[in-house]
Structure formats: C-alpha cells, structure tokens
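K.L.:
The structure's right below; bear with me while I get my questions together.
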Amino acid sequence: MTTTDSPPAVPAPAPARPRRRRSTGDTERGFSRTFRWITTGAGALILATLAAVALFLVARAFPAVTASPTELADAVPRYPDDTSFIAYVGPLVFGTLLAAVLALLLATPVAMGIALFISHYAPRRLAQVLGYLVDLLAAIPSVVYGLWGIAVLAPAAAPVWGWLNDYLGWFPLFAGEASPTARTLATVAVVLAVMILPIITAVSREVFLQTPRLHEEAALALGATRWEMVRTAVLPFGRSGVISAAMLGLGRALGETMAVLMILSPGFLYSFKVFQAAQHQTIAAYIALDFPEASGLAVNALIATGLALFVITLAVNMAARAVVARRKDFSGAN
Amino acid sequence: MVGALALSLAACGQNPGADAAADGASASAGDLSGELSGGGASSQESAMEAWRAGFQGQYPDVTVNYDPVGSGGGRENFISGAFPFAGSDAALDDDELADAEAQCGEGGVIEYPAYISPVAVAFNLEGIDSLNMTPETIAGIFKGDITTWDDAAIADDNPDADLPSTDITVVHRSDDSGTTENFQEYLSTVVPDVWTYEPEGIWPVDGQESAQGTSGVVSAAQAGEGTITYADASQIADLGTVAVGVGEEFVEYSPEAAAAVIEGSPRVEGTSEHVFAYDLARDIEGTYPIVLVSYHLACATYEDAEQAELVKGFLGYVLSEEGQKAAADSAGSAPLPTALAEEFAGAVDAITAG
C-alpha cells in the first residue's frame, strides 16, 4: 500500500460537538453491541481451539519424544529396534507427503480444466449443473471413497499399474514389483486426487469467474484466441487463487484417514515405488490403525506422530499463505 | 412384584427364544435385575456384545458389562474377586486354580470353554476351490519361503489340481488382531521349527501385503489373483479354502469339525467336577485344528444372591442354543457341540447363593 494518496486526515472532532460523537458511538447499541461480542468470541474460540489442540498434542507427545529407543521398542508395536524417535516418524512423514503431493499433482491440472470449462467454455446451464455435480463430489464421505477404492478402483487399476511397471519400470516411481491387488500408494493417490478435486475446482472456478471483464475483452479485442485470452488474462489473475485452492486440497489429502486406511497395504520405508505393496504408510492412517489396541507409551507415540502431522499441515498452510501474499500484488486481484 | 412379572411375561412374549435360556439357566426366569460386571479375554469381545444384547433383550432390567482387559487380566481379577465371571483364552493353571478355589469358597470354581473361534486359510486362484496343505506348507507360504503356486510342496499334496505358476501374494491383517494371534498360535504349536515367531496380534513378517480388518483382507484377497490370507472362517465369502493337514488326512473347515476339537481333546484330569479344562489337541483326525478356544470362569457359590442369579442366568444364556447361535452370527464362532453345552450348562445350573 502506498501512502501518497491516503485519504485526508479526519479532522479532530471539535469539543463543541460531543453530542454528535456520542451518537456515532451509539449506532452500536442493543443487539448490535452483543453481536460484536459474539463475533469476537467466535474469532477467539478458533484461536483457543487451535491452542488447545497444540497443547494437547505437545503434552501427550512429550513422554514418547523423551523416552529412550529401548523403552519405545518395548511399548510400541511395530517400533523398529534401536531407532530414534525421528527415525521412526520419518517414513510416516515421507509416506504422508508422497501420497498428498502425488494426489495434488494428479488433481490440480484436472481441477483447473474443469474450473475453466465451467467459467469460460460451458453454456451457462451446463456450467451450473456441472458446478453442482462437482460440489456433490465433496459431499461423499471418505469411507465411501475407501470402499470404492478397494472394490472398484484397485481391481481396475491393477493391470494398468502392472503395465506401467513392466514398460516404464526405469522411472523411479514405477519401479519395484507391482502388487496384484493394487492396494498401493498409487491407488491411494488417485482416490485422494478425486477427493480433493471438488475443493480445488470450486475455489478455482470462483477465482476465474472474478477475472475482470475488461481484461478479457481487452485481450480478445487485441485479436487473442480464447486460449490466449485465458492464458494472458484469466490464469495470471487466478494464479494466487489456484495456489490457495491447491493448498486447501493438500491439507485435506494430508489428513485423510479412512480412505487411506481402507486401501493402503502399509509398510514403513522411504520408498518411491508406488506400485509395490507394503512400502508406505500415512500418519493419519497409522494412528487409526494402531490406536484401538494401544495403551500407555504407545498412545503417546501415536500422538507424537499426530503432532508431526499437525506441524506439517501448519507449515504447508503457512507456506501457501506466503506464496499467495507474495503473488497478490501482481494478480490484479487488488 | 406383579409389575416385574408382567414385564417379564411381556418380554417372554416378544422373544420366543427366552424359554430356551430359561430352562438352561435360571429357574425363576424373568425377575432378574441388576448389574453384572466381568471381563477378560478380548477375543470374546464381539461374541460378548451379542450375548449381552441377547440377554439384556430378555431381561431389560439387567445390565451386563464386559471389560476386555485381556486373558491375564481376566484371570487375575477373577481370582481377586473383582470379576464375578471372566473370560480367558487359557484355562487356569494349577496355582491359579488353587487361588480361585480359595476365593470362590466351598462350591469351587466353574470353568469351561464357551467360545470356539475358527480361522480359515483362504486363497484366490481361478478355477480352484480347495487345496490340501500340510501345516509345514502353510507356515512356509506365510513366512515367504514358498513363493509360487506350483511349488512342489503344494503340488505334491494336490495331484489333481491344475496349479498355475503365479506368484503367491500373502495378505495379512495390518491391524493388531486376535485372528492373527490365533493363527500364529496354531502355526507355532504345530510347526515350531518353521514358524519361529512369537505369536502376537501384529503380523511378524515384513514386506507382505496387508489390509485392515477381516473384510479388508478378504476383499484384498479377492482383488488379486494368486493371493492367500487367513480370516475368521465365517467371513471368507467365495474364496477357495485350504483343507488343513491333520495327521494323515486333510480336513476342510466346517463349524462341526472346528467344535469337534474340544470333543476330541482330552480333559485335564485331577480337577473338580465343574472344571472343564482341555489340552487342546491339534492332531485329531477329522477335526479342524486352527481354532481358538476361550473359557468362561465363574464360582459355584456367591455370597450375594442377586449376583448368583445374574451369573447363572447370563452364563446359562451363553450356553443355550440361542446364545451360541448369536455368537456364531455376530462373531463367526463355531457353536459348541450340543452334548458338551448341556454338560457345561449343568455346572452353571448348580450355581447357588450361600
């Protein structure tokens, strides 16, 4: 913001007109004042909740983080012998990030395509129907996505993954031995991509629709094709919006539990072999899987992995904010 | 009193099965009320849910609680008197029995198997419904030593089967599960030199496929060709099943064959008349050996008359045909053989207050 054209300073109210001043204050009276407190309370509540969650995680994770590897190996099932806590959380963090990033890579281009089609290409009526349908995808509970993943997608994907593995096995992601059941990270990533598609699409669509009409018409008037108009006017304008949409999607993909739990055949490795079984596990699915039978220090260890997820999500969101804030000035959105 | 009677009549009217429990258990059926809190083996948890629901359905004034603290905790709390009844995957050993007799007083301890949970070994191979496998072969496959379906170890026992050269994909439970422990318990008892792992709820072999829950492993096995898994015997859907080598022959799973394990196993001798402990024999011809047998523990006399009636009523219901069927439906257990269930019910019937 520049200061050169700041509005003229408000003249100090003359002491001779106290009545007027009081009356401006008085517009906030009755329920209006109460409502102000309600909204302030709601705002404070979100901070308090976040603080409470962080406090809970730190307090309950503390015993696990400070325990010795031998103690942890005794108490926590699947805890590898002689490893520090970091080495134990590491593969989980890796699996979580890999699944979420793959899902994002799959979903974002498709979501942008859908959003552009709805905002700039489809006839108005079709656009409305499509918009509803995409929003409907967001309303499907994740357990249903999980069921769909194991009952429909995994059997259908198995031959495709097998083919990619056979012919493009030199590519690190496709290496290894393809699982015949396809309950692997590749299938998980596809399901996660479908799950985050609606939110990315919805936000991108709103952003694209806000492209100033003048920019678009200027581009067309200069002889741009529609694609060139989209490229020169719509996409630059919407870039920061699409980034925040993608980050919202990434947040959901990072925390998704049920679908991953149902589909993934877990393992605890730093591995890029997304077609091979027993290679990866995500933090959320790991907690859901082992919590029912955990007690004592094992619960603390699970909560500590939850803390790691909390930190990752926080970092992702802050990074997204930073990117958006940096781009804002050039997007024309202000 | 009249109100209670009317209520119980109404309950009987709604539930025709109530009579079955009544003549097995409590003579004064219908006027039970109060709270009964036991606990123990978590293997019985889902069966216990069904039993609680069934029993509380018959006696709406009764609340039954079962704390799945584990078999060891169940026995400990039973001996200390904290649990009026308990569930345990192992029978009381001699010392525990002596302590429990002391706690229960003059009538002594009642102990009998109440829950038999069979595990099937199931596979997905096109066109093959059943395969014979010796325990050594099963352990070799699940350990990862035998890797293809046309391996000689499998082919030798199945001369008629047209075995493909497909890789074997083992699917195990990814969660901490009693079925895993039960299955490993069998392997390490029968072939300890092949299955060298300590049986526990988490699968010991790394790098194999896995899925969460019984339905998870079953659907994973269905999804891939050449998969093999283990699951509660009632849940394996249309997968092919392994006939398990017992002695010289191979036995297919059936509830009767699973329940027959107790009938054929020798009862531990030198115990009082109400203690039915068995040395589980995994090698009796004609019986299906991959089973978990879980016991119920109770006292023959209770100081509190209400508690005596409740234990008698509840355990009587568990042993009734209806109770065994409820557990079979919800937990996939194999119903006890009728003759044995009646024998155990006789012991439960002898519970008195005193």
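Here, each number is a calculation from the coordinates, and none is a lab measurement. Predicted model, so just to flag it, every value in this text is computed and none were measured. No Cβ is skipped: glycine too gets one built from the backbone with ideal geometry, and neighbour counts run over all protein chains shown.
K.L.:
Tell me, what ³J(HN,Hα) does each residue in the stretch A:40-57 have, in order and in whole Hz, if you take phi through Karplus 6.51 cos²θ - 1.76 cosθ + 1.60 with θ = phi - 60° and put x for Gly and Pro?
P.N.:
4, x, 4, x, 5, 4, 5, 5, 4, 4, 4, 4, 5, 5, 4, 5, 4, 4
K.L.:
Under a plain spin-label model, where a point goes 7 Å from the Cα along Cα-to-Cβ, how far apart in nm are residue B:130 and residue A:293?
P.N.:
A separation of 3.1 nm, rounded to one decimal place.
K.L.:
Evaluate the distance, in nm, between pseudo-label points positioned 7 Å from the Cα of residue A:86 and of residue A:221 along their respective Cα→Cβ axes.
P.N.:
So the two model labels end up 6.0 nm from each other.
K.L.:
Under a Cβ-Cβ cut-off of 10 Å, what is the net charge of the residues other than residue B:86 that fall near it, where Lys and Arg count +1 and Asp and Glu count -1?
P.N.:
Numbers: positive: B:75; negative: B:67, B:76, B:111.
Result for the neighbourhood of residue B:86: -2.
K.L.:
Another one. Just tell me which aspartates and glutamates come within less than 12 Å, Cα to Cα, of residue A:273; anything on the same chain fewer than 8 places away is out.
P.N.:
A:177
K.L.:
Using the alpha carbon gyration tensor of the stretch B:160-252, what are the three equivalent-ellipsoid semi-axes (square root of 5 times each eigenvalue), largest first, in whole Å?
P.N.:
Numbers: eigenvalues 78, 71, 36 Å².
Equivalent ellipsoid of the stretch B:160-252: 20, 19, 13 Å, largest first.
K.L.:
For a quick check: with amide H placed at 1.01 Å from N, whose amide H comes under 5 Å from residue B:169's, ignoring anything fewer than 5 positions away on the same chain?
P.N.:
Result for residue B:169 returns B:227, B:228.
K.L.:
Before rounding to the nearest 500, sum -39500 (n - 2.57) across all DSSP H runs of length at least 4 in chain A and divide by the residue total; then give [θ] at 222 nm in deg cm²/dmol. Don't jump to the answer; show the numbers that get you there.
P.N.:
Working: 14 runs with 228 residues, N = 334.
Value at 222 nm, helices only, nearest 500: -22500 deg cm²/dmol.
K.L.:
Still on this structure, I have one more. Give the residue from A:96, B:346, A:50 lying farthest towards the positive end of the charge dipole for the protein assembly as shown; charges sit on Cβ (+1 for Lys and Arg, -1 for Asp and Glu) and the dipole is referred to the Cα centre.
P.N.:
Of the listed residues, the answer is A:50.
K.L.:
Could you work out the mean count of beta carbons from other protein chains within 10 Å of each residue's beta carbon in A:72-82? Display every interim value, and only then the final one.
P.N.:
Values: counts 0, 0, 0, 0, 0, 4, 5, 0, 1, 0, 0.
The shielding value for this peptide is 1.
K.L.:
Around residue B:278, which amide H atoms from residues at least 5 apart in sequence, or from another chain, sit under 5 Å from its own amide H, with H modelled in the peptide plane?
P.N.:
Residues meeting the amide H criterion: B:268.
K.L.:
Determine the calculated [θ] at 222 nm for chain B from helices alone, applying -39500 (n - 2.57) to every DSSP H run no shorter than 4 residues and normalising by the residue count; nearest 500 deg cm²/dmol. Let's see the in-between values first.
P.N.:
Numbers: 13 runs with 142 residues, N = 354.
Calculated at 222 nm, the ellipticity per residue is -12000 deg cm²/dmol.
K.L.:
Something else about it: For the protein assembly as shown, give me the percentage of DSSP beta bridges that are antiparallel, rounded to the nearest 5 percent.
P.N.:
On the way: 28 of 49 bridges.
In the protein assembly as shown, approximately 55 percent of DSSP beta bridges are antiparallel ones.
K.L.:
Tell me, A:126, A:254 in order of fewest to most beta-carbon neighbours within 10 Å? Walk me through the intermediate numbers first.
P.N.:
Working: A:126 12, A:254 23.
Sorted ascending by nearby Cβ count, the order is A:126, A:254.
K.L.:
Quick one: helix A:235-255 against the long Cα principal axis of chain A, what's the angle to the nearest 10°, folded into 0 to 90?
P.N.:
So the helix axis and the longest Cα principal axis differ by about 40 degrees.
K.L.:
Arrange B:136, B:35 by Cβ neighbour counts within 10 Å, fewest through most, would you? Numbers along the way, then the final one.
P.N.:
Numbers: B:136 18, B:35 12.
Ascending number of Cβ neighbours within 10 Å: B:35, B:136.
K.L.:
Set Lys and Arg Cβ to +1 and Asp and Glu Cβ to -1, take the dipole of chain B about its Cα centre, and tell me which of B:146, B:102, B:243 lies farthest positive.
P.N.:
Working it through, the farthest residue towards the positive pole turns out to be B:102.
K.L.:
If you add up the charges near residue B:108, with Lys and Arg at +1 and Asp and Glu at -1, over every other residue whose beta carbon is less than 10 angstrom from its beta carbon, what do you get?
P.N.:
Details: positive: none; negative: B:101, B:106, B:111, B:273.
The answer is -4.
K.L.:
What residue among A:252, A:231, A:205 shows peak mean-square fluctuation when chain A is described by a Gaussian network model with Cα springs under 10 Å?
P.N.:
Of the options given, A:231 has the highest mean-square fluctuation.
K.L.:
Check residue B:110: other-chain or 5+ apart residues with amide H under 5 Å from its amide H, H built from backbone geometry?
P.N.:
Amide H to amide H, under 5 Å and 5 or more residues apart or across chains, residue B:110 pairs with B:298, B:299, B:300.
K.L.:
How many Cβ atoms of partner chains, on average, are near each residue of B:171-178 if near means within 10 Å of its Cβ? Intermediate values should be presented prior to the final figure.
P.N.:
Values: counts 6, 2, 1, 13, 8, 9, 2, 1.
Mean shielding by partner chains, rounded to a whole number: 5.
K.L.:
Taking Cα atoms, how many degrees apart are the long axis of helix B:45-58 and the longest axis of chain B, rounded to 10 and kept between 0 and 90?
P.N.:
Between helix and principal axis, roughly 40 degrees.
K.L.:
May I pose another question? May I ask for the angle, rounded to the nearest 10°, between helix A:85-116 and the longest principal axis of chain A, with both axes built from Cα atoms and the value confined to 0 to 90°?
P.N.:
Here the helix axis deviates by roughly 50 degrees.
K.L.:
In addition: Given labels modelled 7 Å from the Cα in the Cβ direction, how far is it in nm from residue A:311 to residue B:33?
P.N.:
5.7
K.L.:
Cα atoms only, the stretch A:90-330: Rg and Dmax in Å?
P.N.:
Expressed in Å, the Cα Rg and Dmax of the stretch A:90-330 come to 20.0, 70.
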